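Engineer: Before we start, here is the structure in question, set down as structure tokens.
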Amino acid sequence: MQLDGKVAVVTGAGRGIGRAIAIAYAKEGAKVVCSARSVDEIEAVAAEVGGTAIRCDVSDEADIRALIDGALAAYGRIDILINNAGAVTRLPLHELPTEDWDHVINVNLRGVFPCTKYAVPPMLEQGGGCIINISSGAGVVGGGVNRSAYTASKHGVMGLTKVCIQEYLHRGIRTHVILPDATVSRMRHEGFPDEDPDSLIQAEDIADAAVFLATQPATAHTFELRVSQGLPTRFV
């Protein structure tokens, strides 16, 4: 098993991409700390993977600190951090309430900062680690109409990832970003209810990418991994 003995913290682990990554990592031998706001969901995933559930709202820094401290208390180390928790709002920019903009930025971008901030010191102390940020195809191209906050936040994740590489790669911490295009999730379905989910990227496809990045040899480093649809979108 490629991740035997490793400890992974996954935000947004209750469903979708986060859940798929938690399952994939556990199959590779990792101990997984499953985090999200929905306690019932993360407890179910933690039970499925033999891991630990810790509730965390990534827009609340105190929650994040408790998540990192809880992971260290449970397992003594953090080898992999998956910054996956996400939010979206769908209104034209001129109609978007500022509080809705702030919520998306706080979850998608600001939350990545303290998660990384508090995970880096134990990684440095143990001699290394791996941080994988989940951005989006919207992080390199426009995210489409009515998704200004989402697109801005995902561009921000790209910039933050670049700085983390510059600051920590040669100190043993590898930072990567995955950019999924249209992927099956509840969030996706709410915005595009007529899409056939079988024609979209599957959450397990993103989990495969996350396993690859977490197990990449030290002789090479992949900054970004873009996962695009292999099939044309069908509609139901």
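Engineer: Skipping prolines and chain starts, which residues have an amide H placed within reach, meaning under 5 Å, of the one on residue 131, given they are 5 or more residues away or on another chain?
Structural biologist: Result for residue 131 returns 81, 174, 175, 176.
Engineer: Let me ask something else. What is the helix-to-structure angle for 16-27, meaning the angle in degrees between its Cα long axis and the longest Cα principal axis of the chain, kept from 0 to 90 and rounded to the nearest 10?
Structural biologist: Once rounded, one gets 30 degrees.
Engineer: So, one more: First measure r as the distance between the Cβ atoms of residue 48 and residue 145, then evaluate 1/(1 + (r/R0)^6) with R0 = 41 Å and state the FRET efficiency to the nearest 0.05.
Structural biologist: The value I calculate is 0.65.
Engineer: Tilt of helix 148-168 relative to the longest C-alpha principal axis of the chain, in degrees (0 to 90, nearest 10)?
Structural biologist: The angle comes out at about 20 degrees.
Engineer: When we measure straight from the Cα of residue 162, which lysines land under 23 angstrom away, once same-chain ones fewer than 8 places off are left out?
Structural biologist: Qualifying lysines at Cα under 23 Å: 117, 154.
Engineer: Now, a different point. Applying the Karplus parametrisation 6.51 cos²θ - 1.76 cosθ + 1.60 with θ = phi - 60° to the phi angles of segment 84-90, what ³J(HN,Hα) value in whole Hz is obtained for each residue in order, glycine and proline being reported as x?
Structural biologist: Result, rounded to whole Hz: 10, 3, x, 8, 8, 9, 10.
Engineer: While we're looking at this one, here's another question. Mind checking the alpha-carbon convex hull of segment 79-236 and giving the volume per residue in Å³?
Structural biologist: Dividing the Cα hull volume of segment 79-236 by its residues yields 109 Å³.
Engineer: Let me ask something else. I want to verify a result. In a Gaussian network model of the chain, Cα cutoff 10 Å, which of these has the top mean-square fluctuation: 81, 67, 93?
Structural biologist: Residue with maximal mean-square fluctuation among 81, 67, 93: 93.
Engineer: Under a point spin-label approximation (7 Å from Cα along Cα-to-Cβ), what is the residue 69-residue 233 distance to one decimal in nm?
Structural biologist: 4.4 nm
Engineer: Hey, with R₀ at 22 Å, roughly what FRET efficiency would residue 224 and residue 117 work out to, going by the Cβ-Cβ distance, to 0.05?
Structural biologist: It comes out at approximately 0.55.
Engineer: Here is a further query. Give me the distance in nm between label points sitting 7 Å out from Cα along the Cα-to-Cβ direction at residue 125 and residue 98, one decimal.
Structural biologist: 4.0 nm
Engineer: I would also like to ask the following. What percentage of the solvent-accessible surface of the chain, computed with a 1.4 Å probe over protein heavy atoms, is contributed by carbon and sulfur atoms?
Structural biologist: The value for the chain is 51 percent carbon and sulfur by accessible area.
Engineer: Separate question: Residues of the chain: accessible area per residue at 1.4 Å, in Å²?
Structural biologist: That works out to 45 Å² per residue.
Engineer: Which lysines have a Cα lying under 19 Å from the Cα of residue 31, excluding residues fewer than 8 positions away in the same chain?
Structural biologist: 6
Engineer: Residue by residue, what Karplus-based ³J(HN,Hα) values in Hz, rounded to whole numbers, does segment 113-120 have, using 6.51, -1.76 and 1.60 with θ = phi - 60° and x for Gly and Pro?
Structural biologist: Here the 3J(HN,Hα) series is 5, x, 4, 5, 3, 7, 7, 5 Hz.
Engineer: Out of every Cα pair in segment 158-211, what percent are spaced more than 13 Å from each other?
Structural biologist: When all Cα pairs of segment 158-211 are counted, 66 percent exceed 13 Å.
Engineer: Additional query: Reported to two decimal places, what Rg/Rh ratio describes segment 46-167 when computed on Cα atoms with Rh from the Kirkwood expression?
Structural biologist: For segment 46-167, the value is 1.01.
Engineer: Can I ask one more? Would you mind getting me the FRET efficiency between residue 62 and residue 167? Use the beta-carbon distance for r and R0 = 25 Å, nearest 0.05.
Structural biologist: 0.55
Engineer: Top mean-square fluctuation among 113, 192, 223, Gaussian network model of the chain, C-alpha springs under 10 Å?
Structural biologist: Sorting by GNM fluctuation, first place goes to 192.
The values are calculated or read from the model by the stated rules, or taken from the named source; none is laboratory data. Just so we're clear, the structure is a prediction, and the values are computed from it rather than from any experiment. Cβ sites come from the backbone with ideal geometry, for glycine too, and all protein chains shown count toward neighbours. Note: areas computed on protein heavy atoms with side chains; ligands, DNA, RNA excluded. Shrake-Rupley method; radii C 1.70, N 1.55, O 1.52, S 1.80 Å.
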